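> Before anything else, here's the structure in question.
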Amino acid sequence: MRKRCAKAPFQGASTALKIIRRIADFESPPDAKVGFVPTMGAFHEGHLELMRRAKGECGYCVVSLFVNPLQFGPNEDFSRYPRREETDLEMARSIGVNAVLSPSAEEMYAGIQTKVMIGGISELWEGELRPGHFDGVVTVVAKLFNIVRPHMAYFGEKDFQQCAVISKMAEDLNFRITLRFVETVREQDGLAMSSRNAYLDPANRTKAPQLYKSLLEAAGRIRTHPNDSAAIGEILESVRQTLTDTGFDVDYFALVDSRTLQPIERAGEYSRLIAAAKLGSTRLIDNVPL
Ligand code: PAF
């Protein structure tokens with residue numbers, strides 16, 4: 001099993017961290033190369049890895065910390081989404097982040113009459129199950145790109161469809177920003193790190209790594225029959241059944257073309273397995289390449 005394990009979160013360089021709460025106050029040094037990490041806070045090692053990459057590749061690292069109301073559906077977890085700004089700031093400081101932008105929802109959205117809408121690639125999977133979610137994501141990311149004007153921006157591959165959607169938005173709207181998609185960071189037992197893992201009760205936390213195990217198992221079995229669509233269909237069905245038997249309520253478990261997110265029947269160069277499933281009230285998503 002391929003694992004990227006947590007380092008101690010508070011290790012590392014200390015730097016004078018600027019905390020900016022009003023959009024008008026944001027500015028980066030004129031000659032700095034800016035690496036940007038958009039986040040909704042509740043940092044874990046996955047976020048810290050994005051910050052390390054941004055800092056290492058660009059030198060000046062800006063992180064936004066904003067729980068974006070626009071990307072949550074009416075019955076989703078906006079109000080209970082973990083918020084722990086003090087700890088987040090301390091963790092950002094330990095990585096050597098230069099500035100954290102933490103605007104208010106009022107300033108971001110009061111009186112807003114313009115939203116970014118994205119079709120195509122955003123309409124499947126997460127987009128189908130969470131109507132409006134990706135419009136909320138691309139709207140906030142476009143606004144943040146315009147405020148921060150980074151050279152490079154960093155996103156985690158755990159949200160694989162989000163990476164594809166943001167990439168399309170940036171291409172369609174001509175953002176001159178290099179996007180970096182960084183490999184998922186995992187707990188020791190393989191569970192993809194996510195701020196929402198904090199919702200798992202102890203019994204479900206024990207079951208949760210099965211999602212990644214099932215993805216790896218399916219990927220291994222598909223690799224032995226890459227052109228056999230009937231066998232691939234059976235493999236997907238059997239791992240889905242394993243997940244159901246473990247207690248997951250599976251939203252999707254699919255083989256897709258990573259460029260379009262369209263389901264595919266045979267595996268090839270661009271294949272990816274993507275999955276989303278609920279354990280109790282906690283929804284987990286994950287993916288692996290083939
Ligand atoms: O992945 C996230 O945390 C959010 O969707 C993002 C990209 C910060 C936009 O709010």
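The values are calculated or read from the model by the stated rules, or taken from the named source; none is laboratory data. Computed from a predicted structure; not experimentally measured. Heads up, the Cβs are rebuilt from the backbone with ideal geometry, glycines too, and the neighbour counts pull from every protein chain shown. Ligands, DNA and RNA are excluded from the accessible area calculation, which covers all protein heavy atoms including side chains. Shrake-Rupley method; radii C 1.70, N 1.55, O 1.52, S 1.80 Å.
> Exceeding 29 Å between C-alpha atoms, which entries from my cross-link table qualify? They are 143/213; 33/143; 18/213; 55/168; 18/143; 158/207.
Check vs 29 Å cut-off fails for 143/213; 18/213.
> Just to confirm, what accessible area per residue do you get for the chain at 1.4 Å probe, in whole Å²?
Values: 13620 Å² over 290 residues.
Per residue, the chain has 47 Å² of solvent-accessible surface.
> Taking the alpha-carbon set of the range 126-214, what are its Rg and Dmax in Å?
Reported Rg and Dmax, both Å: 15.6, 46.
> Here is a further query. Which of 236, 225, 270 sits farthest toward the positive end of the charge dipole of the range 196-272, with +1 on the Cβ of Lys and Arg and -1 on the Cβ of Asp and Glu?
Value: 270.
> While we're looking at this one, here's another question. If you take the Cα Rg of the range 148-277 and divide it by 2.2 N^0.38 Å, with N the number of residues, what do you get? Walk me through the numbers on the way to the answer.
Details: Rg = 16.5 Å, N = 130, 2.2 N^0.38 = 14.0 Å.
Normalised Rg, Cα atoms only: 1.18.
> Output the relative contact order of the chain, whole-number percent, from Cα pairs under 8 angstrom with separation of 6+ residues.
Details: 525 pairs, mean separation 54.3, N = 290.
Across the chain, relative contact order equals 19 percent.
> Quick one: the Cα spread of the chain along its three principal axes, in angstroms, biggest first?
57, 39, 36
> Hey, any idea what % of the chain's accessible area is carbon plus sulfur with a 1.4 Å probe?
With neighbouring chains kept in place, the figure for the chain is 49 percent.
> Quick check: the angle from helix 160-172's long axis to the longest principal axis of the chain, C-alpha only, nearest 10 degrees?
That helix lies at roughly 50 degrees to the long axis.
> Also: Nothing charged except the Cβ atoms of Lys and Arg (+1) and of Asp and Glu (-1): what's the magnitude of the dipole of the chain about its Cα centre? Round to the nearest 20 debye. Each step should come with its number before you reach the end.
Numbers: 36 positive and 37 negative charges, 151 e Å.
I would put it at about 720 debye.
> Would you work out if the range 44-198 is rounded, prolate or oblate? Take a ≥ b ≥ c from the square roots of the eigenvalues of the alpha-carbon gyration tensor; rounded if a/c is under 1.5, else prolate when a/b is larger than b/c, oblate otherwise.
Details: a/c = 1.30, a/b = 1.20, b/c = 1.08.
In terms of gyration-tensor shape, rounded.
> Further, regarding this structure: Extension gain residue 77-residue 172, at 0.36 nm per residue separation less the Cα-Cα distance, in nm?
31.2 nm
> Then there is this: Which listed residue (250, 166, 47) has the Cα farthest towards the positive end of the charge dipole for the chain, taking +1 on Lys and Arg C-beta and -1 on Asp and Glu C-beta about the Cα centre?
So the residue we want is 47.
> Give me the distance in nm between label points sitting 7 Å out from Cα along the Cα-to-Cβ direction at residue 198 and residue 18, one decimal.
2.8
> Moving to a separate point now. With Cβ to Cβ distances under 13 Å as the rule, what net charge do the other residues near residue 35 carry (K, R +1; D, E -1)?
Spelling it out: positives minus negatives among the neighbours equals +4.
> Now, a different point. Note down the magnitude of the dipole of the range 63-197 about its Cα centre, charges +1 on Lys and Arg C-beta and -1 on Asp and Glu C-beta and zero elsewhere, to the nearest 20 debye.
Value, rounded to 20: 320 debye.
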